[in-house]
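Trainee: I am attaching a structure below and will ask some questions about it afterwards.
The values are calculated or read from the model by the stated rules, or taken from the named source; none is laboratory data. Given the structure is predicted, the values throughout are model-derived calculations rather than measurements. Glycine also receives a Cβ, built like all others from the backbone with ideal geometry; neighbour counts cover every protein chain displayed. Accessible surface areas use protein heavy atoms only, side chains included; no ligands, DNA or RNA. Shrake-Rupley method; radii C 1.70, N 1.55, O 1.52, S 1.80 Å.
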Amino acid sequence: MATKSGQYVRTNTNGTQNQPLDVAIVGGGLVGSLLALHLGKKGHEVNLYEYREDIRTAELVIGRSINLALSARGRRALAEVGLEEALLGHGIPMAGRMLHDLNGNRKVVPYDANTNQCIYSVGRKHLNEVLLNAAEKYPNIHLHFNHKLVSANLDEGNLSMVDPATKEVKAAIADLIVGCDGAFSAVRKEIVKRPRYDFSQTYIEHGYLELCIPPTADGEFAMPHNYLHIWPRGQFMMIALPNQDRTWTVTLFMPFTQFHSITDADGLLDFFRQYFPDAIDLIGRERLIKDFFKIKPQSLVMIKCNPYHVGSKALIIGDAAHAMVPFYGQGMNAGFEDCTVLSELFNKHGSDLTRILPEFSEKRWEDAHAICDLAMYNYIEMRDLVNKRSYLLRKKLDELLFWLMPNTWVPLYNSVSFSHMRYSKCIANRAWQDKILTRVMHGATVASIATIGTLCYRHVTMGHLERLSTSILSAFQLLKPKAIV
């Protein structure tokens, strides 16, 4: 059946119709450009509006982008548009954390000691360029740069934009407006004006500042490059992710009061000698001073809101819907998973936005709030808990139980980064595991559990395994495990 515009409507086997829609995506960053590919692939007419100039021809803005860690959820969304392998070929695999102590000693804590899964360090600019280049190949995807949204009628699908340079005002109309325009979303600002809308914005007292470790004199990485390097210091920390050019993007996270207390080069060097002595030579004394005082530390914000849609005309996804602090490496992955979820709803309901948009809000808000909370918790883990014996003991125990019961006992980090389990389910699963271990640890096998936890599972005796299995199975009878999906 053809529409009045001459385009043909395909009817699915479930009776839904796939009528091509005019979609306006506000925000041409990572999530917006990926969503353009998902919807363009389905045959919709997509106009992508970005307020900045084309990132492919712009100079990289230093100090405003934390490196990205690509994991399972993001990989699936990229695979659905045929780009996963290209990005994995570019990315640098990181198999775990490498912790630096005050004396410069290093210790490896693998992400997954059983199956050796890893996350990938990817460059934000490169990834955005790959997505935009792919989108540009579709005749039904149109890229518009220097288009800043100034107002919108979300009930009617009308947009008003301005060119920041020329001040020329431009108008557009669409069947669907999708805000992918980040934590300070202009589309969300229109939604927040509506009565009884749930919205919260939380700034944490810590900021971040980016530094850089250059390659060695012979052009190689200055540290083992298949790890996320962390300098945990209790109330603050520094991390480093590897780049393709053999440099490291180093990010210092600490309270603004601490940043403000460092006012000159001598104070900075004294601070680094006390807390990050091995990093001075890695970064270089002069470069450290130059980069630290070149820009001000940036803020970190968490956004929660609900619902994500307005009627059948507007929707927000990605950071516009659920900005989070970067400590779980899930901001991009969660935004990419939004694209997967939305794409699945288009497959389910055709072009029926009256069903797609409310179902997206209902299906996604709880998981988005969950990963926002997990990201906040992981800062405490990364800067402080990773140094504690109790943390390392629990991690060893989780690894052992995961090895014994891979379909039942999935550690929290694995469920978040290496599975597609709903974020809210990840938290519920962890709470259930805590109940099991609490019951076991209060039983008669505390000594054997502690012994096993301090050992790698490869060195555990059969007697240890039998005692542990008996204890865990007994606890299972009282707290039946929930299905892992």
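Trainee: Taking θ as phi - 60°, what are the ³J(HN,Hα) couplings along segment 336-347 by the Karplus curve (6.51, -1.76, 1.60), each to the nearest whole Hz, with x for Gly and Pro?
Mentor: Karplus-based 3J(HN,Hα) across segment 336-347 equals 5, 5, 3, 4, 4, 4, 5, 4, 5, 6, 5, 5 Hz.
Trainee: Something else about it: Report the Cα centroid-to-centroid distance between segment 121-169 and segment 257-321 in angstrom, as an integer.
Mentor: About 27 Å separates the Cα centre of segment 121-169 from the one of segment 257-321.
Trainee: Let me ask you something else. When the accessible area of the chain is computed with all protein chains present and a 1.4 Å probe, what percentage of it is carbon and sulfur?
Mentor: Values: 11300 of 21540 Å².
C and S atoms contribute 52 percent here.
Trainee: Can you tell me which lysines have their Cα less than 16 Å from the Cα of Lys107? Leave out same-chain residues fewer than eight positions away.
Mentor: Those lysines meeting the cut-off are Lys388, Lys395, Lys396.
Trainee: Additional query: Projected onto the charge dipole of segment 245-384 (+1 at Lys/Arg Cβ, -1 at Asp/Glu Cβ, origin at the Cα centre), which of Ile356, Thr249, Tyr377 gives the Cα projection farthest towards the positive end?
Mentor: Ile356
Trainee: For segment 269-413, what does the accessible surface come to per residue with a 1.4 Å probe? Please give it in Å². Mind showing how you got there, number by number?
Mentor: Working: 5420 Å² over 145 residues.
Roughly 37 Å² per residue, with all protein chains present.
Trainee: Please report how far the C-alpha centroid of segment 30-54 lies from that of segment 356-432, rounded to the nearest whole angstrom.
Mentor: Segment 30-54 and segment 356-432 have Cα centres separated by 31 Å.
Trainee: Same structure again: Before rounding to the nearest 500, sum -39500 (n - 2.57) across all DSSP H runs of length at least 4 in the chain and divide by the residue total; then give [θ] at 222 nm in deg cm²/dmol.
Mentor: Result for the chain: -13000 deg cm²/dmol, rounded to the nearest 500.
Trainee: Here's something else I'd like to know. Along the Cα→Cβ direction, 7 angstrom out, place labels at Leu269 and Ala58. What is the inter-label distance in nm?
Mentor: A separation of 3.7 nm, rounded to one decimal place.
Trainee: At 1.4 Å probe radius, can you tell me the per residue accessible area of segment 107-166 in Å²? Can you show the working numbers first?
Mentor: On the way: 2750 Å² over 60 residues.
Accessible area per residue: 46 Å².
Trainee: Rounded if a/c is under 1.5, else prolate if a/b is larger than b/c, else oblate: which is segment 132-222, with a ≥ b ≥ c the root eigenvalues of its Cα gyration tensor?
Mentor: oblate
Trainee: Using a ≥ b ≥ c from the Cα gyration tensor of segment 100-254 (square roots of the eigenvalues), is it rounded, prolate or oblate, where a/c under 1.5 gives rounded and otherwise the larger of a/b and b/c decides, a/b for prolate? Before the final figure, lay out each step's value.
Mentor: Values: a/c = 2.53, a/b = 1.87, b/c = 1.36.
Here segment 100-254 falls in the prolate category.
Trainee: Something else: Quick one: helix 265-275 against the long Cα principal axis of the chain, what's the angle to the nearest 10°, folded into 0 to 90?
Mentor: It is inclined by approximately 60 degrees.
Trainee: Related question: Which of the lysines could be linked to Lys41 by a straight reach, that is with a Cα gap under 27 Å, when you skip same-chain ones fewer than 8 residues away?
Mentor: Result set, ordered by chain and number: Lys4, Lys125, Lys137, Lys148, Lys170, Lys313, Lys348, Lys363.
Trainee: Using only Cα atoms, tell me the angle between helix 353-383 and the longest principal axis of the chain; keep it within 0 to 90° and round to the nearest 10.
Mentor: Helix 353-383 sits roughly 30 degrees off the main axis of the chain.
Trainee: Can you tell me the dipole magnitude for the chain around its Cα centre, using point charges on the Cβ only (Lys, Arg +1; Asp, Glu -1), in Debye to the nearest 20? Intermediate results must be reported in sequence, preceding the final value.
Mentor: Values: 53 positive and 49 negative charges, 255 e Å.
In total the dipole reaches around 1220 debye.
Trainee: Using a 1.4 Å probe on the protein heavy atoms only, what accessible surface does Thr166 show? Give it in Å² to the nearest 10.
Mentor: The accessible area comes out at roughly 90 Å².
Trainee: Report the chymotrypsin sites (Phe, Trp or Tyr not before Pro) located in segment 195-243 that are in a DSSP loop and have at most 13 other Cβ atoms inside 10 Å of their Cβ, or state none. Working shown, then result.
Mentor: Details: sites: Tyr197, Phe199, Tyr203, Tyr208, Phe221, Tyr227, Phe236; in loops: Tyr197, Phe221, Tyr227, Phe236.
Of the chymotrypsin sites (Phe, Trp or Tyr not before Pro), the ones in loops of segment 195-243 whose Cβ has at most 13 other Cβ atoms within 10 Å are Tyr197.
Trainee: Shifting gears a bit: What aspartates and glutamates sit close enough to Lys193 to cross-link, taking a C-alpha to C-alpha distance under 15 Å and skipping anything fewer than 8 places away on the same chain?
Mentor: Within reach: Asp155.
Trainee: Shape of segment 279-411 from its Cα gyration tensor (a ≥ b ≥ c, root eigenvalues): rounded if a/c is under 1.5, otherwise prolate when a/b > b/c, or oblate?
Mentor: oblate
Trainee: Tell me which residues come under 5 Å, amide H to amide H, from Arg52 once H is placed; ignore anything under 5 positions away on its chain.
Mentor: Residues meeting the amide H criterion: Asn146, His147.
Trainee: Here's a follow-up. So who's got an amide H within less than 5 Å of the one on Leu211, skipping anything under 5 residues away but keeping other chains? H placed 1.01 Å off N, in plane.
Mentor: Val250, Thr251, Leu252
Trainee: Just to check I understand the Karplus step: with θ = phi - 60° and J = 6.51 cos²θ - 1.76 cosθ + 1.60, what whole-Hz values come out for segment 229-234, glycine and proline as x?
Mentor: Calculated HN-Hα couplings, in order: 8, 10, 10, x, 10, x Hz.
Trainee: Ignoring ligands, DNA and RNA, how do Glu381, Glu359 rank by accessible area with a 1.4 Å probe, largest first? Present the calculation step by step, with values, prior to reporting the outcome.
Mentor: Numbers: Glu381 20, Glu359 50 Å².
The ranking, largest first, comes out as Glu359, Glu381.
Trainee: Going highest first, how would you order 320-333, 71-84, 389-402 by mean Cβ packing within 10 Å? All intermediate terms of the calculation are to be shown ahead of the outcome.
Mentor: Working: 320-333: 25.5, 71-84: 20.2, 389-402: 17.6.
Ranked by mean Cβ neighbours within 10 Å, highest first: 320-333, 71-84, 389-402.
Trainee: Next up: Return an integer: the convex hull volume of the alpha-carbon atoms of the chain, in Å³ per residue. Let's see the in-between values first.
Mentor: Details: hull volume 85.4 nm³, N = 485.
Expressed per residue, the convex hull around the Cα atoms of the chain is 176 Å³.
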